[in-house]
Structures are given as C-alpha cells and as structure tokens.
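As structure tokens, the structure follows; a few thoughts come after it.
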Amino acid sequence: MKKIAVLLYFSMAASVVLWGAGSQGGAESSVLPVPPLLEGEKLRLVMQEGTLTLPMGTSKTMGFNGDYLGPTIRVSNGDQVDIEVQNTLKEDSTVHWHGLHVPAEYDGGPHQIVEAGSTWNPKFTIDQKAATLWYHPHLLGKTAEHVYNGMAGLFYIEDDYSKSLPIPQEYGIDDFPLVLQDRRLDKNGEFAYNPGGRDIMAGYTGNIILVNGAYEPYLDLKKGTYRFRVINGSNSSIFRVRFSDERNFTVIASDGGFLPESAEASELIMSPGERYEILVDFTTQGTLSLVTDIYGGDSFKSLDFNILKEEGTYYPHPESFEYTPVVYDESVNIKRNFRMETRGMGGFTINGKSMDMNRIDFTLDKNNTEIWTIENVGMGMMNIPHSFHVHDVQFSVISVNGREPDPLYSGPKDTVLVMPGDKIKIALRFEDYTGIYMYHCHFLEHEDSGMMGQFLIE
Ligand code: C2O
Ligand code: CU
Ligand code: CU
C-alpha cells in the first residue's frame, strides 16, 4: 500500500493554500438520504422541477425522477442500456454520462439537446470496467445553473471482477455514495443561482455543504468496514475531504475505477467532478464527522457517523487491483498541448480560444493513442485553479510537473485538477466510436464562460 506523505498538488501550487476554519452551527439533523437505485434494461429519467427543504428554508430545484439529484443508475459491463430521458422542465437541457465510453451521438454533450417537453432515447452497450461515474446536464452556457439546481446523479458500473472482490458492496448498507455539494444560502435560507463576476472567476462558493442533498445528516452504523464513493458534485469548489479525528483510510478507486495499488490517506483533494472510493474501518463506539473544507472558503462538518456498540463486518483492505494503464510511446504518439488561460473577468480560454459550437478544435484518428499536455498558464491578478476533463475516455496520468503522479492519480482518470502553473501530461487511447466529443474545465462557471473545446474522432 502506498502512503501519501505530502499532498502533491498543494505543495507544488504557486498559490498560497487557503483553507478556512470554523464550522456551521448545528440544526436538527436527518438521516443521510441514499438515492434510489435505477437498474434494468430500460431506464427512465425524468427531468423535473421541484423544491428542497432544508432546516433554513425551501429552495426551488431541479432533479431527475425527484426534487433534487437523481437515482443511482447501476449497470454491469456488457449490458445493453436503453434510457428514456424525458424533459418536463420549461427549458432545454441535456444529460451527459460523465466518464462513460459511449457513441458521440449519445454522449449528451451540448450537441444533444433535449428540448423542453421532449424525450431523448440514448442506447448504448456498456464497454468499460467497474467505476463510479455520474450524469449531469451539459447545455452550452447552462450547465452550471442546471447542476446547481440539483440535476446530477450517480452512474455505477460493476463487472465480474468488482463483484468478486471481498469488499463492501451492499448499496446503502455498507457501500454508500456521498455526493458533496456546496450551496449558497441567502438570508431567507434559500439557494438560487445568480453568480456575480467574482463568482464566475473564483467559483460559486457555498456557505453550506449538502451530502446527497441533505444538510449535516447522520448515519448510524455498526462497527465494521465501510465503503464510501465520494464525489465532488460542486460547481467550482475544490474540496478537501477528511474525518474529524484525522484518521487514515484506504483509497481504492479514482474516477474511472480501481487504482493499481490502494493508497493510505488522511484527506482527499477533489476538484469538481472527481470521484474516489475509500474503505474505512470503524472500530470504536462514538461519533465522528466527515469534514469538507472548501479551498479558499470555510470548513464544514458535513456528515456525522454514530458508531454503535454492535459489531458488523470487517473486510481486509486489498493492496492492489487489476488495472490496465493506457500504453503510450512518446516517440510515436501524437502530442497536443492545451494552455488554459484566465483573461480577466469572465474570459477563459484553451489555446487562446473560447468555445464555439461551430468550430472543431482538432480531428484525431480512431484507434490512436495520444499524449496531451495540459498547462494552467493564466496567473493574472488572481491565481485561478482549473481542471481538465475529457469525454469518451479514461486516461492515465503520465506526470505532474515532470514528476510521477501522486498515488491517487495513478489509476483511471477522466478529470484532473490543474493548479496555476501546473503542467500535467496524460495518455489517452481513442477506440470504437467516431464523432464529436468535448474537453473542458470542469469548474462549471469556467466551462459556461467558454473554457471548452471539441474534437472530432474519425
Ligand atoms: Cu462532467 Cu463535459 O462533463
Ligand atoms: Cu464528461
Ligand atoms: Cu477553470
């Protein structure tokens, strides 16, 4: 097992690390909601308006098959999936399958608009390893608002290997999704999306954290080993996720599936859209919390664990997992560079260009492996972190600032954090499908402000 001594990202970042202190006061608390599972050959997602009532007020929301967030879709590798997406909103949207390897026409990006009142019916075969993926709208210029309002859900892929592993796998029993989101409550205790210029630049940072759509919920658990699938579901906040007692836990998977070697850690640094799966042993009776610190913002007790006297089940933490990296050859593979730049208020570019639906930024060949170098060069007055997400593939991180990546970046990834001054090299292999896919900063305010491009696979 690898031990992570120093946090690579923040030790190398040019900017000063700003973690806030202080926690929110307690309100009456509710048990952690677990999104319902959605399984089978025919799946149905209804995009709908709703409301979310928190102890402080009631907000207008949007969700899938409910008021806020959506069901957890669970499928197995090889399954044929047929999803009916019905848009009952008063406005257009899309549904993108983040991290899934699917035909371009069913990717759900800005080209696959599901008009208000209409239905979209993507069909595809699952062709990738077990992973914790997710889905969310991706309408040009509207992604941030739709996700903020609550439209997001998890998409689990399982396979024979994952099912055979001696790790917790009972959904909502010993294997829990934790969708972490910050939301900004106004004086009426409601959250609504209306970012100002600074919010676009620095992120629409919240003043509360929701876990699976609940405020400071709790979980009563027997002693034993638990698996948590953690997702940063925020618009544009970098989270540091840890336990209140600073305990260590075992990280077993990143965005696209299991890590080659599990890693011991005491905190997770997660940019929007990134996922980790962790194993934690609760061995003593008592209460502890999951703490979420927002980079440049406050620190929040976000979920309480009440560990009961009863003994549950303990599992050993696997040391390593099956993992197939992207095989690359620097002397042969095509190389591309992506310069992410912040150009004053609201100006975000990749290679000097802002997203244009009518422009294909580059074309690549199917069955090619490529090496991409991503650089955050926009320093300006503020050091603005970015991230880089690619549709269609899970990639391997070759290096971060010339060095071997952190153990948490050694497995399958689809989104990486790119701090100011960082240079990240990744290897990607494009197979099976042709068509148009996106790459972009996954800070949704940046994405909506043009920090996105598109490539065509031929
Ligand atoms: Cu999670 Cu292009 O998105
Ligand atoms: Cu995506
Ligand atoms: Cu960005």
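Compactness check for the stretch 37-160: Cα Rg over 2.2 N^0.38 Å is 1.03. On the basis of the beta-carbon distance and an R0 of 22 Å, S30 and T287 show a calculated FRET efficiency of 0.90.
Placing +1 on the Cβ of every Lys and Arg and -1 on the Cβ of every Asp and Glu, with nothing else charged, gives the stretch 37-160 a dipole about its Cα centre of roughly 360 debye. If R0 is taken as 25 Å, the Cβ-Cβ distance between E319 and K163 corresponds to a FRET efficiency of 0.85. Across the stretch 312-458, the relative contact order, built from alpha-carbon pairs under 8 Å that are at least six residues apart, equals 30 percent. Think of the stretch 37-160 as a dipole: +1 on every Lys or Arg Cβ, -1 on every Asp or Glu Cβ, centred on the Cα centre; then among V81, H101, G70, G70 lies furthest on the positive end.
Based on the Kirkwood approach, the hydrodynamic radius assigned to the chain is 22.0 Å, with every pair of different Cα atoms included.
Close amide H pairs (under 5 Å, H built 1.01 Å from N) link N368 with F430, residues at least 5 positions away or on another chain. Straight-line cross-link reach from K129 at under 29 Å between alpha-carbon atoms covers these lysines, not counting any fewer than eight positions away in the same chain: K2, K3, K42, K163, K335, K366, K413, K423, K425. Every helix of 4 or more DSSP H residues in the chain counts as -39500 (n - 2.57), and over all residues that averages to -1000 deg cm²/dmol at 222 nm.
Once the piece of chain linking E91 and E330 is laid out straight, how much longer is it, given 0.36 nm per residue of separation minus the C-alpha distance between them?
Details: separation 239, 0.36 × 239 = 86.04 nm, distance 4.60 nm.
Length gained, E91 through E330: 81.4 nm.
Put a dot 7 Å past the Cα of S76, heading toward its Cβ, do the same for R339, and the two dots end up 5.0 nm apart. Please identify which residues in the stretch 78-112 have an amide N closer than 18 Å to a label point set 7 Å out from the Cα of K123, following the Cα→Cβ vector. Answer for this model: 78-86, 102-108.
Since every read-out is calculated from the coordinates, none of them should be taken as a lab result. Treat the numbers as computed from the prediction; the structure is a model and nothing was measured. In this analysis, Cβ positions are derived from the backbone assuming ideal geometry, glycine residues included, and neighbour counts consider all displayed protein chains.
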